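Undergrad: Submitted below is the structure of interest, expressed as C-alpha cells.
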Amino acid sequence: MKITDVEPIVLRVPEVDVSRADGTQDAFLVRVHTDEGVTGIGEADTSPYVARTMVEMPSSHAVARGLRELLVGESPLDVGRLWQLMFHGSDHYGRGGAALHTISAIDMALWDIAGKIAGVSVAELLGGRRAESVRVYASEVMPETPAGARAIAERAVERGYTALKLGWGPLGRDREHDVALVEAARAAVGEEPELMIDGGRAYTVESALDLLHAVEAARLYWFEEALQPDDVEGYALLSARSPVRLAAGEADAGIMPFRALAERGGIAVLQPDLGRCGGFTVARQIAELARERGVEVVPHCFSSGVLVAASLQFVASLDHPTFSEFSVADSPIASGLLAEPFVLRDGRLDVPRGPGLGVELDEELVDGLRAR
Ligand SMILES: [Mg+2]
C-alpha cells in the first residue's frame with residue numbers, strides 16, 4: 001500500500017473578521033490518498049495558506065522538503081517513521097509553528113487510514129476506548145459586556161452544556177470589567193456547571209493573581225493561558241500562588257514544551273491541540289506524560305468537526321477522560337463540514353464508532369467553502 005497524493009484543502013468563510021480571536025473563520029484540511037482507494041482525512045488549526053504551501057512546494061534541499069514530495073510512494077501505515085521523515089525533512093523551516101501544524105494534519109490522516117485498514121477507531125489504536133461519550137464544554141470568545149456574557153452562558157445552559165469557557169476578547173484590559181464579566185457568566189450558568197476562563201495571554205503574574213483572588217467565589221475549573229506560551233518561569237511563579245488550577249499548551253508542538261509546562265510551570269491541565277501539537281503521534285506521548293505527572297489533559301479544539309472527532313478519539317483513550325472542547329462559534333466551519341454533524345446529548349458527544357476518525361466530510365459544503 002502506497003501514498004499516491006497529499007491533497008491540501010483550504011476553507012474560508014466569505015466574511016472574515018480578523019479582529020476576532022476566532023479560528024473557525026477558515027480551516028486547513030488534508031486528504032491523504034492511497035493506491036488501494038482508502039483515504040485519510042486530517043486537520044490543522046493553523047494558517048491554511050502557509051500549510052498548503054508546505055504540502056505543495058518543491059523541495060529546496062535535504063532538510064527543506066515539500067511534504068507531498070516526501071510522502072508520495074511511502075507506506076501510509078509507517079506512521080511513526082513518516083512523522084520523523086516529515087519532522088527532519090522540514091527541519092530548516094520547521095521544528096515548530098506552522099510546519100508542526102501541517103505535520104499534525106497529515107499525521108491525523110495517517111492514523112485515520114490505519115484505523116480504516118484495521119477496522120477500528122483511532123481510540124482503539126491508541127490503546128482502547130475508555131469512554132463511549134465525552135463531556136464537552138461550550139467554548140466562545142468573551143463578549144465585550146457582562147450582558148453579552150450572560151446571553152452566551154444562558155444559551156449554553158439551554159442547549160444542555162454542563163460546562164462553559166469564555167476567553168480572549170476584552171479580558172486583561174481592566175480588572176473591574178474582568179470581574180464583572182466572570183461574575184455575569186457564573187450567575188447565568190448557575191451553581192452546577194463548570195466555568196473556565198481563557199486569559200488569552202493578556203496578564204502578568206501579578207494581574208492574573210489579582211483577578212483570580214477577586215473571582216474566587218466564581219469557582220473556576222481552570223484559568224487558561226494567563227501568560228505567553230513560552231513563559232514557563234512565569235507559570236511556575238503563578239501556579240505557586242494561584243487559587244485556581246492553570247491550563248496551557250494549545251500553542252505548543254512536540255513533547256518538550258508540554259514536559260516543561262507540567263514539570264516546571266506547575267500547569268495542572270495540558271491542552272494539546274491535535275491539529276497543532278504533532279497529531280496523535282505526539283498527543284499519545286503527552287498522555288504518557290500526564291500519566292507520569294498526574295495532570296489532566298483536555299485537548300484544545302476550536303475548528304471543524306474533523307478536529308472534534310480527533311479530539312474525542314484522543315480523550316476516549318485517556319486514563320481519565322474528563323472534557324473535550326467544543327466551539328459554539330457561529331460559523332459554517334464549526335457547525336458543518338461533516339456528513340453527520342455531532343449531536344449534543346446531556347452535555348456530551350458520542351465518540352465516533354466507525355473506523356479511523358469515524359467521520360466523513362459533507363463534500364458539497366466543503367466544495368462551497370473551498371478557497372483558491
Ligand atoms: Mg485558549
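Undergrad: Would you pick out the residues in region 170-203 that are assigned to a loop (DSSP other than H, G, I, E, B) and within 19 Å of the chain's Cα centre (by Cα)?
TA: The answer is Gly199, Gly200, Arg201.
Undergrad: Find all pairs meeting these conditions: Cβ atoms under 6 angstrom apart; at least six residues apart or on different chains; first residue within region 116-137 and assigned to a loop (DSSP other than H, G, I, E, B); second residue charged (D, E, K, R).
TA: Going by the 6 Å Cβ cut-off, the qualifying pairs are Leu126/Arg284.
Undergrad: In region 149-164, what residues are in a helix (DSSP H, G or I) and either acidic (Asp, Glu) or touching a Leu at 6+ places or on another chain (Cβ under 9 Å) (or both)?
TA: Ala149, Ile152, Ala153, Glu154, Ala156, Val157, Glu158, listed by residue number.
Undergrad: While we're here: Quick one: which residue in Glu250, Glu225 is on the phi > 0 side of the Ramachandran plot, touching an Asp or Glu at 6+ places or on another chain (Cβ under 7 Å) and crowded, with 18+ Cβ neighbours inside 10 Å?
TA: The unique qualifying residue is Glu225.
Undergrad: How many of the residues in region 274-286 are within 15 Å of the chain's Cα centre (by Cα), part of a helix (DSSP H, G or I) and of a type outside the set (Gly, Ala, Ser)?
TA: Result for region 274-286: 5.
Undergrad: Within region 213-269, take every residue that is within 15 Å of the ligand (Cβ to nearest atom) and among the hydroxyl-bearing types (Ser, Thr, Tyr) and give me the one that is farthest from Ala99 (Cα to Cα).
TA: Looking at residues that are within 15 Å of the ligand (Cβ to nearest atom) and among the hydroxyl-bearing types (Ser, Thr, Tyr), I get Tyr221.
Undergrad: Go through region 287-308 residue by residue and tally those that are part of a helix (DSSP H, G or I) and either over 18 Å from Arg264 (Cβ atoms) or out of contact with any strand residue (DSSP E or B) (no Cβ under 6 Å at 6 or more places or on another chain) (or both).
TA: Number satisfying all stated conditions: 10.
Undergrad: For region 69-100, how many residues are among the polar types (S, T, N, Q) and either over 21 Å from Gly115 (Cα atoms) or under 20 Å from the mean Cα position of the chain (by Cα) (or both)?
TA: 1
Undergrad: Okay, next question. Of the residues Ala310, Ala287, which single one is of a type in the set (A, V, I, L, M, F, W, C), on the phi < 0 side of the Ramachandran plot and surrounded by 24 or more Cβ atoms within 10 Å (Cβ to Cβ)? So that I can check it myself, show each step before the final result.
TA: Working: Ala287 fails: surrounded by 24 or more Cβ atoms within 10 Å (Cβ to Cβ).
That would be Ala310, the only listed residue that is of a type in the set (A, V, I, L, M, F, W, C), on the phi < 0 side of the Ramachandran plot and surrounded by 24 or more Cβ atoms within 10 Å (Cβ to Cβ).
A short reminder: the numbers here are calculations on the coordinates, not readings from a lab. Predicted, not measured: the structure shown is a model, and the values here were computed from it. Here Cβ is always computed from backbone atoms with ideal geometry, including for glycine, and neighbour counts include all displayed protein chains.
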